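This report concerns only the one structure given below.
Quick note: the coordinates plus some simple rules give every number you see, no bench work behind them. Because the structure is a prediction, the values reported are computed rather than measured. Here Cβ is always computed from backbone atoms with ideal geometry, including for glycine, and neighbour counts include all displayed protein chains.
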Amino acid sequence: MRPVRTGKEEELSQVAPGFRRTFVFAFLVALSGALTPPAVSAPAPSAEKPKPLAEQMPGLQFRSIGPFRGGRVTAVAGVVGKPMTFFFGGTGGGVFRTVDGGASWEPVSDKDFRTGSVGAIGVAGSDANVVYAGMGEACIRATSRTATASGSRRTAGRAGRTSASRRRARSRPSSSIRRTRRRLGRGARARLGPNAERGIFKSSDGGTTWRKVLYVDEKTGGSDLSIDPSNPRVLYAGLWQVGRKPWLLESGGPGSGLWKSTDGGETWKKLAGGLPEGLVGRIGVSVSPARPERVYAMVEAEKGGLYRTDDGGEKWTRVNDENKLRQRAWYYSHVVADPKNADAVYVLNVQFHRSGDGGKTFAAIRTPHSDNHALWIDPDDPNRMIEGNDGGAAVSFDGGRSWSPS
């Protein structure tokens, strides 16, 4: 599987036939109207206008009966210690919050944000009232919405009710935000966009200021970040060389790779030791909280798939190359390790996949909608989770056996 994709191959091929039929149909209608004589004029409408429905039926009240779909969601988060509270960031609707386990949702960012596309969201481990949102989605299909005016935002107060911008920049999609649980104010974000600000950024003051700590070139941005929860000085970052135009997608290049830092992101080392060589595209990465030396990585490449290391990144082994995990890799490549079981890992793609044997085999878990992009698992209770897909966000309290409506 070659990681270079074009809009013609991946997306225009899906819509072109319908587009051509619509175009031809419209053309024939216009042509027939030009060749046929004008139709007989219809009688003039009555001057008396019908009464509004509310006046005709004064006791009638309308209620929504669906369809209940939230739209594409690529950012989700829960709150530790508040089992019914979750957040999701929509690709076109801002940040929403539920306090009843997904039974109902309310928008909490409309009054504060200037852009609606959210690509990353995270709740501070030391203060659940502090929520970070990275603007612009990173699953860059032709219909993706980027954020050209805003970078990250930090909300404070009543769990997201107030908001303050922490950085304004020429940012494009934000793929991930990570916080340390031990100390508020340290975070890193991966940013995509055709400019010199691409790469990995770090804040040590709660997002007021940011420093670029990992940079390859203006064509390469961050695709994912994962922090060792037992030692927040250890970070892994996926870098992705990618370009997107309405008619073309180029995923992969020499800038792509997997990097590691052992000093809180100040210095980085590019990892190899069994990872794919040659043309590499998007990379997703997740440290196992249950066994921090174990790290999972979904890699887009000709010999791509799910890779695993058990020694902190020195040696890597491809444990699964099934197409169901790596198809359309530039749109997916999401991997999340279970917080309590080192052998349990989730890979999100068209279906929602879970492995219980370290990634060797996977079984699909049914979700309310296909095309899965985001997953947050409660570090204290792995059965409690929220996942985002192309139909919205869904909450589960039983490890995915049942879900709230998305």
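For this structure, a couple of remarks:
- Rounded to 0.05, the FRET efficiency of the S402 and E48 pair, given R0 = 45 Å and the Cβ-Cβ distance, is 0.25.
- Spin-label model distance (nm) - T208 vs A363, 7 Å beyond Cα toward Cβ: 5.1
- Long-range amide H partners of A374 with built H, under 5 Å: G388
- Each of L306, L271 was scored by other Cβ atoms within 10 Å of its Cβ. Listed from fewest to most, they are L271, L306.
- Sorted by Cβ density within 10 Å, fewest first, the residues R318, R72, R211: R211, R318, R72
- Alpha-carbon centroid distance for the pair region 273-299 / region 307-334, whole angstrom: 6
- Nearest-0.05 FRET efficiency for A128 and L60, computed from C-beta distance (R0 35 Å): 0.25
- Sorted by Cβ density within 10 Å, fewest first, the residues M385, M135, M298: M385, M298, M135
- Computed from backbone phi, the HN-Hα couplings of region 126-140 come to 8, 7, 5, 7, 9, 10, 10, 10, x, 8, x, 7, 9, 8, 8 Hz, rounded to whole numbers (Karplus: 6.51 cos²θ - 1.76 cosθ + 1.60, θ = phi - 60°; Gly and Pro given as x).
- Taking amide H positions as modeled 1.01 Å from N, with prolines and chain starts lacking one, the residues under 5 Å from V118 and 5 or more places away or on another chain are G90, T91, G92, G93, G94, G136.
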